[in-house]
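Bear in mind that the values in this text are calculations on the coordinates, not laboratory data. These numbers were taken from a predicted model, which means no experiment stands behind them. Quick reminder, even Gly has a Cβ in these numbers, built from the backbone with ideal geometry, and neighbours come from all protein chains shown.
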Amino acid sequence: MTYFIDRRLNPKGKSLGNRQRFLRRARAQIREAVQKSLKDASVADIGKERKIKISSKGTTEPRFRLDPQSAGERDFVLPGNKEFMPGDEIKKPPAGAGQGGKQASDSGEGEDDFEFTLSQDEILDIFFEDLELPNLVRTTLKETPVKTWKRAGLTTAGSPTQINLLRTMRNSFGRRLALKRPRPEDIERLEAELAALQAEEPRDEETKNRILALRDALDKAIAKRRWVAFIDPIDVRFNSFVEQPVPTSQAVMFCLMDVSGSMGEREKDLAKRFYMLLHLFLKRRYEKVDVVFIRHTHDAQEVDEQEFFYSRQSGGTIVSTALDKMLEVQKERYNTADWNIYAAQASDGYTQSGDARRCVEMLNEDIMPLCQYYAYIEILDEREMEVFASEDSGAELWRAYRTVAEQWANFATKRISKPADIFPVFRELFKKAEA
Amino acid sequence: MTNLLFTEAEWDFQTLDRTYKAIEEIALNDLKLEVYPNQIEIISSEQMLDAYSSLGMPLMYNHWSFGKLFAREETMYRAGYSALAYEIVINSSPCISYLLEENSMTMQALVMAHAAFGHNHFFRNNYLFQQWTNAEGILDYLAFAKRYIAACEERHGRDEVEAILDSAHALMNEGVFRYRRPPKPSRERAAAKRRRRAEYEEEAYNELWRTLPAGVDPPGAPPIADPEEDFDGEMKLPEENILYFLEKYSPSLRPWQREVLRIVRSLAQYFYPQRQTKVMNEGCATFVHYTIMNLLFDRGLISEGALLEFLHSHTSVVFQPGFDDRRYSGINPYALGFGMMADIRRICEEPTQEDRDWFPQFAGRGDFMGVLKDAWANYRDESFIEQFLSPKLMRDMRMFALHDGANDPVYTVSAIHDETGYRRVRTALARQYDVGTADPNIQVVGADLKRSRKLRLEHCAHRGIPLHQASKDVILAHIERLWGHEVTLEQASDD
C-alpha cells in the first residue's frame, strides 16, 4: 500500500526555532557585524534585508579528527591518472591548501567565514538593542502603509452600486443584435400593418392569409422579445476595486550637521544613528522620503551622504549659514504644499558669538512655520554631560534654542552623549505621532 | 494507442500513482526487490531546506547547529551555488521519501525508482541496518526526543540544555558501539524509561534542600540502580563508546542530562550504518533507478524525450572528475557504487578471461541480480570494494594510490592501475572507506570513581597519525563538562 502525501501546504518555517537559537548563539558576533555593516550603509538603507558575514568562531562544532599532516603515514587512492608510474614522486601542495576540496576540509584549519541573510525585523531588533527602544515603538515602526481602493478593471460579480452601465449596455446591445431581438418599431410596424389589413372590408382570400401570417409573425416577435431579454445577467459588468498601498504623501528630511574640527568620529557616529532613526520613522509615515544633507563650518554646503559623514573640513562655526542653505534648498525644490518638511540638526553646541540670536530669529520667523518637526541634538562627551546636568545651563546655542522650544511645540532639543540617549528624543517624536 | 505513462513534464497525482505502479511492477517482479511499504511525500523547496537542516529527518529536536545549517544552505541555495537534492529518503518503516515539487515528471519517476525502491531495498536488507537500526521505532523515538528536549528546555532553561547538547554533539562520532549490538529504542521502552527517570527525580527531590543557605548545594542524591539490563554497576573497560560511558558513570550529571546524552547517542548509532555504506547505498539506488528506467523505456512506457532527460540527469550524478580537475572533491560515491554494480552485471553477463580469473565464483553466471542482492545484503563499503572492485573499473577510472608520510616532502605513487598494482590500489581504496580507521580510535581506559575522579582516555594512533591538536583541546573541555572532573587523553600507538 502506497500513500502519496501532499505536504506542500504544511506550515513553513519549521526551523524557525533553530534559527532563533542560532541567532542567539552568535548574538555578539552578529551584533558586531550588523553595526559594522550599518556603519557603511547609507541612512536610507536601514530596515532592509541584508547579508551578514560572521566568522565561524563561537559557532564551530568541534569533532575529534586526525591530523595526518603533522605525523604518521597513510595511503589514499585518487582517480584520473594520466601519466604517473609507480615510484613517481609528486610535490606536496603548500600547507593549508590541501589536495582538492575533500582533503582541505578534512585537514584545513577552521571553516570559512559564514554568510547569511538577516530579515528586516531581525536587523531592527539587533540595531535597537543598545538603544533600548521599547517594543511598542518597534511595533509601530513596522506598521503597514496606508491603503486605498483602486480601480482594477471589470468583474462579472459585485454589488449593484458598482454596476458599470456603459459596459453592461454595450454587452446587452451586442447580444440583442446577435440574437436579432425585435425592436419596438418592428412590432409597431407589424401591428400597424395588421390593423390596416383588418380595417379592409371585404377581405379576400389573399388578405386573410396575409393577416394570419402577420399575426403569426407578431406573436413570434413578442415571444422573442420575451426570451431575449433587454438586459440579461450575462451582460452585467461591475467595476472592480482592489486595495493598494498609496504614497500618502512625501517628506523631505534635512540633515544639518556641524563638521568643524570639534565634531569627531564618535560625534558623527551618534549623529548618524539619530538620522537613521529619523529616516526610519519618516519612512513609516511617508511613502517617499528625500534626504538632504547640509554640512557647515563657517559656510554651508549641500553634499552627498558620503561627504557628509566622512570628509573633514576645517573652519569656524556659523550655524545660521546652514539654516540659510536649508531655506534656499527648500524654496528651490520642496514647496510646502507638496512636501512635509522635517529637519534634524546635530551640533556640539558651539557657534560664533552673536550667531545664536540670528539663528533664533530665522527659526522663529522663517523655518518653524514651514517645518513639521525640528529636532536639535547636542552631542556632548560624558564629562560635559555631567557639567550640564540641568536643562537650563548650557552653551550659547543651547540657551538660545531653549527659547525657540518654548514657543514651538514641534521643536525639540536634546543632549546626547551615548547611543542610549538617542531614544528619548524619539519617544517625544513618537508621542506626537500617536496623538 | 500509446502506452506511455506520461507525455508532459508537468506531474499530477494520478500520473504519479500510475507511474509508481509501473515502477513497482518492475521492481518487485523483474528485479525481485524486497522493500518496506512506501510513503511518498511531496514537499516544497523550503521544506526541503528544512529537512536538510534536521539531518534529513522529518522531525528533530531544536538546536542552534541545525539553524546554522539552515542559514548556510539557504544562502547557498538562494545565491545559486548549490541545487537542492531531488529527494530525501528516510530509513524507517514505512519508508518515507520526499519528492521536490519542482521536479519534472521524468525526475519524479527517476526519484521514485531511486529512493522508494533502491534505497528502500538497501535499508531493508543490508545487515548493518538490520542489526543496528530499528526502522519501525525511529520516528516514535524522534518524536520522544523532540518532546523530551523541549520539556527539558522548559524546565531547566535553554542555556543548560544547549550546553549539554553542544558537548554531546562534539562526541557524536565517539558515541557509537562499533562491535557490540546496541539496544533497540522503541516507543514503549522509551516512554517507560522516561517515566522511571521522572519518578526518580521526584523521589530524589527534597523540599528541605530549598531551605539551605544560598551557595550550599544539596548533597547528591543516592544513586539508585538503573534497572537496565546492561548496567551492572561494574565498569567494563576499556570502553569505546564515550557518550555511553559518560551517560552511565559520570559522577556529576543529573538524570535528565543523562537522558539527553542517550538521545544523541541513539541518533549517532542510527546514522552509523549510513556512514559505513555510502558507496553501496547510493550505488544500489543508482543501479536500481538506471535499470528500472531503461526497462520502462524498453517496454514503451516512457518516451525517448523522457529517457534523454533521465540520462542527462543520471550521467551528471555519476560523473567523476579526475583528481586534478577543479571540480574534484573526493571520489563520487554515486560514480564508484554505480560503476561497480554495473560492472558486476557485465561480469555476470559478458565476462572476459580476466574477469573469470578474478571472480571465478560469479563470472558468467548470468543472474546478476542474485549476485548484487547478496552483496547489498552482506557487505559494507570496505568489504564490498575489497571483494568486488574489478581491474577493468580501476583502469576505467584510472585509479592510482599515493603514499603520504608526514615527514616526506613528496607523495609517492605506490601503485597504479596495472597488473602489479590492482590489488594494492584496491586494498588502499577499501581502507579509505573503513570508518574504523578513518575515525580516531579513542577509548576510555580508566576512571577513578573513589578518589581523584580522574577520567583517563587513550587515543590509539593508527600508523602514527595523531589527533588534531586544536580540536582535541576543545573537545576535552566538553568531556570535562560532562564528567565534572579532570580528564586526560594520552596517545598510544597501535603497533
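Given R₀ = 25 Å, what would the calculated FRET efficiency be for A:Lys36 paired with A:Gln313, taking r from the Cβ atoms and rounding to 0.05? Given R0 = 25 Å and the Cβ-Cβ separation, E is 0.45. Proximity of backbone amide H atoms, modeled 1.01 Å from N, is registered between A:Arg415 and A:Glu378 at under 5 Å, excluding neighbours fewer than 5 places apart on the same chain.
Spatially, segment B:277-354 and segment A:397-420 are offset by 76 Å when compared through their Cα centroids. When shorter helices are ignored and each DSSP H run of at least 4 residues is given -39500 (n - 2.57), the per-residue value for chain B at 222 nm works out to -15500 deg cm²/dmol. Of the cross-linked pairs A:Lys51/B:Lys278; A:Lys14/B:Lys32; A:Lys12/A:Lys53; A:Lys51/B:Lys472; B:Lys21/B:Lys68; A:Lys53/A:Lys272, those separated by over 28 Å at the C-alpha level are A:Lys51/B:Lys278; A:Lys14/B:Lys32; A:Lys51/B:Lys472; B:Lys21/B:Lys68. From the square roots a ≥ b ≥ c of the eigenvalues of the alpha-carbon gyration tensor of segment B:292-398, which class results: rounded (a/c under 1.5), prolate (a/b over b/c), or oblate? Oblate, since a/c reaches 1.5 and b/c is not below a/b.
Database remark: amide H of B:Gln491 closer than 5 angstrom to the amide H of B:His459 (H placed geometrically; neighbours at sequence offset of 5 or more, or on other chains; Pro and chain starts carry no H). For segment B:416-438 versus segment B:65-138, the inter-centroid distance based on Cα atoms is 29 Å. Summarising the amide proton neighbourhood of B:Ile88: residues at separation of 5 or more, or on other chains, whose placed amide H is nearer than 5 Å comprise B:Tyr98.
Taking only C-alpha pairs under 8 Å that are 6+ residues apart, what is the relative contact order of segment B:318-437 in percent?
Relative contact order here is 18 percent.
For segment B:1-130, the relative contact order comes to 35 percent (Cα pairs under 8 Å, sequence separation of at least 6). Taking only alpha carbon atoms, segment A:155-240 gives an Rg to Rh ratio of 1.24, where Rh is the Kirkwood radius. Exposure proxy for A:Val329, B:Val279, B:Val487: other Cβ atoms within 10 Å of each Cβ, ordered fewest to most, give A:Val329, B:Val487, B:Val279. Using a simple spin-label model with pseudo-atoms 7 Å out from Cα toward Cβ, A:Lys51 and B:Leu59 lie 3.7 nm apart. Derived scalar couplings between HN and Hα for segment B:163-174 equal 4, 5, 5, 4, 5, 5, 4, 4, 9, 4, 5, 9 Hz in order, rounded to whole Hz, by the Karplus curve 6.51 cos²θ - 1.76 cosθ + 1.60 (θ = phi - 60°), x for Gly and Pro.
Efficiency by 1/(1 + (r/R0)^6): what FRET value for B:Lys236 and A:Gln20, r their Cβ-Cβ distance, R0 = 35 Å, to the nearest 0.05?
Efficiency for this residue pair is about 0.25.
The 3J(HN,Hα) values that the Karplus relation (6.51, -1.76, 1.60; θ = phi - 60°) gives for segment B:432-438 are, in residue order, 4, 9, 8, 4, x, 9, 6 Hz. Gly and Pro appear as x. On full extension, the segment bounded by A:Val329 and A:Thr403 gains 24.1 nm, given 0.36 nm per residue less the C-alpha separation.
When the Cα gyration tensor is reduced to axis lengths a ≥ b ≥ c, the ratio a/c is 1.5 or higher for segment B:413-495, and with a/b above b/c it is classed as prolate. Each residue of segment B:239-256 is assigned a 3J(HN,Hα), and the resulting list reads 10, 8, 8, 5, 5, 4, 4, 5, 4, 7, 10, 4, x, 10, 7, 8, x, 5 Hz, derived from the Karplus form 6.51 cos²θ - 1.76 cosθ + 1.60 (θ = phi - 60°), x at Gly and Pro.
Peptide A:9-16 is shielded by partner chain Cβ atoms: per residue, an average of 6 of them sit within 10 Å of its Cβ. The mean sequence distance of close C-alpha pairs (under 8 Å, at least 6 residues apart), as a share of the length of chain B, puts its relative contact order at 15 percent.
Applying both filters, DSSP loop and at most 14 other Cβ atoms within 10 Å, to the trypsin sites (Lys or Arg not before Pro) of segment A:301-336 gives A:Arg312.
Quick one: Cα centre-to-centre distance for segment B:139-169 and segment B:376-396, in angstrom? Going from one Cα centre to the other spans 41 Å.
For chain B, the convex hull spanned by the alpha carbon atoms encloses 186 Å³ per residue.
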